[in-house]
Amino acid sequence: MLRFRSLLIAAVLSVASIPFLADAQTSGAEASSVNSGKITAVPFRAGTILSAEISKQKPSFDVESEFDKPAIENPAWVELIVKLDNGRSISRFDYEIVGKNDTYPCFAVAEGADGYSVDTEKWVVKTPHPLKYYRLLFPVRQDEIAAAKKELLPVTLKVKLYETTLAPASFQVRVMPEGKSFTRVSSVRPEGICNMTYHEAFESGD
C-alpha cells in the first residue's frame, strides 16, 4: 500500500511538471526563481523575462532614422532582457507594455549587448541563438516613473498583433537610479532579477 502511494505521488508530480499549453513552454531557467519571496524570472509567451528596468537615459542605437521615431516626445525607456524558448522568434511588432498611464508598443529589439537599430533587418529575430539573451525596448511616458511604488512600477506585457487565450505576463519594472543606464546583459543572473529594486538586485550583498 505504501509503495502504491509512493508511485501515485511520483506520477502526479511527473504529470504536473508537463507544460499544459504549447505556448507556455518553460525550461529550467523559466521555472520562476524566488529571491526573498519575489518571482525573479517571469514566463511569457516566447520565453522568460529575466530583467525589467525603466530609465530616463536613452540606450545606445547603432542606427536611427528621422522617419522611424517613438511617438512619445522625450520618453522614458523600459528595457526587458529575455531568454527565448527553443523554436521561438521575436520582433518589434509582437508585444506591448501596459503601464499605469498608457499602453506602449515595442520600438526595437537587440541581441545580447548589441546596440539597438531601426534598420529593417533588425526588426525581426528569426533564428535566435539558444545561449544568448535578447533585449526589448519600449518608449514610455516619463510620468510612468512617478507612478512607481517603492522603486517598482507594475506593468503587463501582452501580445500585440492578435488575441490569445494565454494570460499576459504581469511583473514590476525596476526604476533605475538617476544617472544610471540599463544593466548590462552580462550582469543578469540566470535565475533572473525581475521584481527587484536596484538595491535588492545589486547592493543587498545577498
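Taking the Cα atoms of region 79-120, what is the range of coordinates along each of the three principal axes, in descending order and whole Å?
32, 24, 18
Can you divide the C-alpha Rg of region 49-153 by 2.2 N^0.38 Å and report the result to two decimal places? Can you show the working numbers first?
Values: Rg = 13.6 Å, N = 105, 2.2 N^0.38 = 12.9 Å.
Normalised Cα radius of gyration, region 49-153: 1.06.
For Lys150, go through the aspartates and glutamates and keep the ones whose alpha-carbon is under 20 Å away, minus same-chain ones fewer than eight residues off.
Here the aspartates and glutamates satisfying the reach criterion relative to Lys150 are Glu53, Glu79, Glu178, Glu200, Glu203, Asp206.
Residues of region 93-197: accessible area per residue at 1.4 Å, in Å²? Please list the in-between numbers first.
Values: 5540 Å² over 105 residues.
Ligands and nucleic acids excluded, the figure is 53 Å² per residue.
Which of the aspartates and glutamates could a cross-linker span from Lys132 if the Cα-Cα distance has to be under 15 Å and same-chain partners fewer than 8 positions apart are dropped?
The reachable aspartates and glutamates, counting only those whose Cα sits under 15 Å from Lys132, are Glu30, Asp85, Glu111, Asp114, Glu191.
Given just the C-alpha atoms of region 38-96, how large is their convex hull per residue in cubic angstrom? Spell out each step's value before the answer.
Working: hull volume 7.5 nm³, N = 59.
So the per-residue hull volume is 127 Å³.
The values are calculated or read from the model by the stated rules, or taken from the named source; none is laboratory data. Just so you know, these numbers come straight off a predicted model, no measurement behind them. Surface accessibility is based on the protein's heavy atoms, side chains included, excluding ligands, DNA and RNA. Shrake-Rupley method; radii C 1.70, N 1.55, O 1.52, S 1.80 Å.
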